[in-house]
Amino acid sequence: MDRLLVDPTLPAGVPIARMVDPAMNAAMAETALWATLALHRGFFANALAQRSALWQQQAQRRTGALQVLVLGLGQMGQAAARAIAAHGYRVAGFGAHAREDTSALAGITCHHGAAALAALLPASDIVVNLLPLTAATRGLLDARLFARLPRGAAIVNLARGAHLVDDDLLAALDSGQIGHAVLDVFHTEPLPTAHAFWRHPRVTVLPHVAAQTDPDSAAQVVGAYWAYLGWATPLHWSARHLQSASLWCFYAALLHLRYQPVWNLKTEARFSLIGLALILIFPAASLPWRFGLWPLLLLAVINQELVKRKAYRDERRLTLLARLTLTLHLGMGLVFVLMLWQRL
């Protein structure tokens with residue numbers, strides 16, 4: 001999204017929607033939990049020792065003895081906080097603003113504001129960053145924040161590369177103030193091969209895979225947005241008008257067949273004008289997935305009115321124009337049937 005908003009090739013007026021994908025939320029929670037467990041149990045240190053064939057047991061602390069600070073309490077931040085808390089860790093959540101409803105974060109303390117963050121840092125053993133990138137959060141993970149953490153604390157950055165000041169993290173790692181860092185996002189992606197993160201023994205580099213888009217789940221979300229935008233944008237208004245017109249013409253074809261011995265141009269004109277007006281004014285009224293129930297009622301009223309005024313009693317046979325009109329109605333009716341079949 002960050003790159004998209006500054007892309008000069010993005011046409012003006014193109015709708016942009018934020019995709020809230022439950023599968024991505026779950027994947028992010030899994031990655032945050034994995035990083036927390038690996039940092040807590042010293043698995044990264046064990047992997048480093050293995051390279052040197054060094055048998056070295058790491059100290060093991062209880063989960064309840066560690067505090068995990070989750071920065072950002074959006075959809076992904078909440079999912080991550082719940083997953084970590086479910087494994088017995090003390091979890092504190094931090095957001096840019098106060099949360100009115102914390103029912104989804106039972107057992108997790110929620111905080112906001114610079115003063116609250118400063119108070120949380122000295123007791124936080126692991127910091128998981130899932131904040132949105134804003135002017136206020138850019139460069140948040142810097143030397144000042146690292147200095148407030150307990151010595152040997154860990155950083156997990158799963159949000160945006162611009163949250164982190166790379167040189168400050170490298171200095172904190174070399175001094176031992178930060179024990180390990182798990183990084184999934186970077187200022188430049190792919191991460192340049194010459195970057196020091198690749199070779200630092202206490203940095204775990206992930207190639208932006210903490211929460212990848214799941215095609216099946218994302219398709220449902222995009223489909224819902226597509227349907228929603230169909231109510232508002234000019235492009236989709238035309239599609240909805242086509243659907244309404246198709247269904248209306250399907251009804252017209254049925255009436256035409258029912259009254260074909262006496263259907264005339266006057267009746268055709270009146271029916272078409274009424275149908276056109278309703279399609280323009282109420283394009284959603286006769287959508288296939290609404291089954292056209294109340295348009296049927298409208299047609300019944302119109303039909304009764306036409307009968308009362310003897311519109312069908314002209315006793316004319318079908319003219320060539322009437323036959324062409326009937327063919328058009330049947331064709332549009334076929335379009336309606338095809339669209340209904342795709343919908344179901």
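Each reported figure results from applying straightforward, stated rules to the coordinates on display, with no laboratory input. Because the structure is predicted, anything quoted here is derived from the model rather than measured. Cβ sites come from the backbone with ideal geometry, for glycine too, and all protein chains shown count toward neighbours.
A few remarks follow.
- Unit charges at the beta carbon, dipole of the stretch 13-216: most positive-side option, Ala135, Ala45, Thr188: Ala45
- Residues within the reach of a label modelled at Ala86 (point 7 angstrom out along Cα to beta-carbon, backbone nitrogen below 18 Å), restricted to the stretch 15-29, are 21-29.
- Put the Cα centre of the stretch 1-21 next to the Cα centre of the stretch 86-128 and the gap is 30 Å.
- Each principal axis of the Cα cloud of the stretch 73-198 was taken in turn, and the coordinate range along them, longest first, works out to 46, 28, 28 Å.
- Full extension of the segment from Gln58 to Ala147, taken as 0.36 nm per residue of separation minus the current Cα-Cα distance, would add 29.6 nm.
- Assuming charge only on the beta carbon of Lys and Arg (+1) and of Asp and Glu (-1), the dipole of the stretch 144-210 about its Cα centre is about 220 debye to the nearest 20.
- Of the residues Tyr89, Tyr225, the one with the fewest other Cβ atoms within 10 Å heads the list, and the complete ranking is Tyr225, Tyr89.
- About its Cα centre, the stretch 13-216 has a charge dipole of approximately 620 debye under the convention of +1 per Lys or Arg Cβ and -1 per Asp or Glu Cβ, with nothing else charged.
- Modelled spin labels at Val14 and Thr109, positioned 7 Å past Cα toward Cβ, are 4.6 nm from each other.
- FRET E, pair Leu4, Thr213, Förster distance 22 Å, beta-carbon r, rounded to 0.05: 0.95
- Gain on full stretching of the segment that runs from Ala65 to Gln50 - 0.36 nm per residue minus C-alpha separation: 2.7 nm
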